[in-house]
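The values are calculated or read from the model by the stated rules, or taken from the named source; none is laboratory data. Note that the structure is a prediction, hence the values are computed from the model and not measured. All Cβ positions, glycine included, derive from the backbone under ideal geometry; neighbour counts span all protein chains shown.
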């Protein structure tokens, strides 16, 4: 059975898709200059060897990005979806996992930036609600800058029941909220953890917060009301990565 296909744009997104043996790349549209860049970034392996390549002018490629007002950098690819990992199977028998969970985060650029940070700091996976996840968004893939190929995305039908099940399987759920009882830097971060982030405009839903074990905050200047969610996540991911390295 063939999977549905969609287009991604941008040099990093396309190159990392070509490198990923699990990603089916159907066609690649390139300018002559971007072809040279691909070969420069992968001198030991011809990433275009087994792919249908079509050479286009920059203006011809612009039609793929005009709607989103994106820079394609001379690279457009038609790809198939990756196989979707199953959360229940992934966590089986594993310990010291760190998962991020997005509660009604919908902006593709924010999601892409958060995915990039998660992959950069070795977060084990991201839980998203399947209905809210823009899985064919050029914006998201461009913002993720190739990191979509290096992170587990777990699409679930219900965030609350997923959190409930994870708590029953010895995960601690930490909800990030400006009114959290203590700073996230005061947490020891041992065992299996879920980092729950709320929506861009309204934060965590009250009903969902009932499925957390702790509410924690990121301390920032009192002059500033809040941080962008992708910036908040990057700060948290970096801190946890630093803690883990110290322990190891």
- Note on the structure: Selection from region 38-59 of residues assigned to a loop (DSSP other than H, G, I, E, B) and within 26 Å of the chain's Cα centre (by Cα) yields 42, 47, 48, 51
- Being farther than 30 Å from residue 206 by Cα and surrounded by 12 or more Cβ atoms within 10 Å (Cβ to Cβ), is that true of even one residue in region 100-112? no
- Message: Residue under question is residue 135, and the condition is that it be within 13 Å of the chain's Cα centre (by Cα) and outside the structural domain of residue 15 (by TED's automatic domain parsing); does it hold?
- Response: yes
- Message: Of the conditions (1) in a loop (DSSP other than H, G, I, E, B); (2) under 25 Å from residue 94 (Cβ atoms); (3) without any contact (Cβ under 8 Å) to a residue 12 or more places away in the chain, residue 246 satisfies every one except a single condition; which number is it?
- Response: (1)
- Can you tell me how many residues in region 2-37 are without any contact (Cβ under 8 Å) to a residue 40 or more places away in the chain and either under 23 Å from the mean Cα position of the chain (by Cα) or assigned by TED's automatic domain parsing to the domain that holds residue 113 (or both)? 1
- Task: Check region 46-61 and report whether any residue there is under 30 Å from residue 204 (Cβ atoms), at pLDDT below 95 and surrounded by 12 or more Cβ atoms within 10 Å (Cβ to Cβ).
- Result: no
- Within region 62-75, restricting attention to residues that are on the phi > 0 side of the Ramachandran plot and either surrounded by 18 or more Cβ atoms within 10 Å (Cβ to Cβ) or assigned to a strand (DSSP E or B) (or both), which residue is farthest from the chain's Cα centre (by Cα)? 74
